[in-house]
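Asks: Before anything else, here's the structure in question.
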Amino acid sequence: MKKTLLFGLIALSGLLIAGCLVTGQVTIIEDVDIGVTSNSNIGKFHLNLNENEDYADKIDKIKSIDAVSFVARIWNREDSASTAAIYISSSGSYSTVDQIEDNAIKVLETPPVPANNSILIGWNDSYQYMHNLDSLFRYVKDVGEFYVYAIASPVPFDDSIQAQIVITMTVGN
Amino acid sequence: MKVKLPALLILLALSASAYAVSDISVGPFFGMNMPLANKDAKSGTMIGFQAKYSPITLFAVGGHYQGRKYGDPSEEFFYGPDTKDGGSVTSLGIDAYLGKTSGTGVNFYLVGSLGSYKWKRENQGEISKTTYSFGPGLEIVLPMKLGIEGRALFDIAPTGESGSWKALLWFVGVNYHIGLGPM
């Protein structure tokens, strides 16, 4: 019986030392209201995760970012199909498609959106359209504040985008 | 030759003794897999198969295969409630038992396991981790060499940076004992 208890105590001690028992996973959802975006007036949104109470409470306790995606409804207001894309950057000074494509990081590219119609990218589907997750994870964990741009192709484009960022992370003491 | 013959005799004696008292059991199990402090998955079912070898009553080693199914997590979005695939986990591992691990009647033991952990979800990449679990088990072994077992396990998959995914696993299993240990 002593050996049995010792075995259990050793296992439990190891886990406590590793901090494994005091971490948990949380999901944070934050609005990304990009709105109307066109080639002549590109839509952008300043996303400050620190304004999210859950994120601000846990920023010093983040152990890992486990998943990030964007859910979105995209309206294509042009007469031809288009593909929308979301980019992120720490700079909010970009105003052309070329500047964004050259300097920002593409994190989402949608499937084709039919002319004068909309599509919804739901939570489960969102992951298959994500790009450059390592960079996005770093922005979420280490920066917490960045600009989100939306463009589309082909040019000209005229879209309206309502989106939310969904972050699942492990936090603990 | 003087040394080899006694050594051979001792080895034969030990082998015969081990055969007489050792217990090998195999069988399937069915249970639940309940994530703890985890917003990325919900509870689901678990099935598996295990084998155990008890060379002596107080100690045993074994192996297992687990197939776990997670339930789909849900969240509220601007377009309404939505879910994503909870996915499934397969785990192949080894087990060490301490306690009364063989013989007919009531057996009670603590078990510690080390396993490979592969989590597959729709639209998300496969995640591979090493998982550690431990907990108590109880088995009632009938004279007909069938054992009914119940076990609870605290399961931890470290994710790096001192974080981890945790789950409570419990199952009920049926084991067939090939040879039984001392009673």
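FYI, it's all coordinate maths here, none of it is from the lab. In this text the structure is predicted, and so the values were computed from the model without any measurement. A quick note on method: Cβ atoms are made from the backbone with ideal geometry, for glycine too, and the neighbour counts reach across all protein chains shown.
Asks: Scan the range A:71-107 for residues that are closer than 11 Å to residue A:151 by Cβ and hydrophobic (A, V, I, L, M, F, W, C) and report the count.
Replies: The number of residues fulfilling the criteria is 6.
Asks: So which residues in the range B:98-121 are at the interface with chain A (Cβ under 10 Å from one of its Cβ atoms) and either outside any loop (DSSP other than H, G, I, E, B) or out of contact with any Ser or Thr (no Cβ under 8 Å at 6 or more places or on another chain) (or both), if there are any at all?
Replies: Residues satisfying the conditions are B:98, B:99, B:108, B:109, B:110, B:111, B:112, B:121.
Asks: Okay, moving on. Would you confirm, using the coordinates I've provided, whether residue B:78 is among the aromatic types (Phe, Trp, Tyr), facing chain A (nearest Cβ under 10 Å), without any contact (Cβ under 8 Å) to a residue 12 or more places away in the chain and farther than 16 Å from residue B:169 by Cα? Show your work before the answer.
Replies: Working: among the aromatic types (Phe, Trp, Tyr): yes; facing chain A (nearest Cβ under 10 Å): yes; without any contact (Cβ under 8 Å) to a residue 12 or more places away in the chain: yes; farther than 16 Å from residue B:169 by Cα: yes.
Answer is yes for this residue.
Asks: Shifting gears a bit: Please find, within the range A:61-81, the residue that is surrounded by the fewest Cβ atoms within 10 Å (Cβ to Cβ) out of those that are more than 11 Å from the chain's Cα centre (by Cα) and of a type in the set (Val, Ile, Thr).
Replies: Step by step, filter the range A:61-81, then rank; the result is A:62.
Each row is one residue, and each column tells you yes or no for (1) touching a Phe, Trp or Tyr at 6+ places or on another chain (Cβ under 8 Å); (2) hydrophobic (A, V, I, L, M, F, W, C); (3) under 29 Å from residue A:24 (Cα atoms).
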{"residue": "B:31", "(1), (2), (3)": "yes, no, yes"}
{"residue": "B:41", "(1), (2), (3)": "yes, yes, yes"}
{"residue": "B:46", "(1), (2), (3)": "yes, yes, yes"}
{"residue": "B:53", "(1), (2), (3)": "no, no, no"}
{"residue": "B:69", "(1), (2), (3)": "no, no, yes"}
{"residue": "B:75", "(1), (2), (3)": "yes, no, yes"}
{"residue": "B:85", "(1), (2), (3)": "no, no, yes"}
{"residue": "B:114", "(1), (2), (3)": "yes, yes, yes"}
{"residue": "B:117", "(1), (2), (3)": "no, no, yes"}
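Asks: Looking at A:86, A:119, which is the one that is in contact (Cβ under 8 Å) with a residue 40 or more places away in the chain and over 28 Å from residue A:170 (Cα atoms)?
Replies: A:119
Asks: Separate question: Residues that are within 30 Å of residue A:121 (Cα to Cα) and of a type in the set (Val, Ile, Thr), at least 1 per element: which strands (runs of 3 or more DSSP E) completely within the range B:29-97 meet that?
Replies: B:44-56, B:80-83
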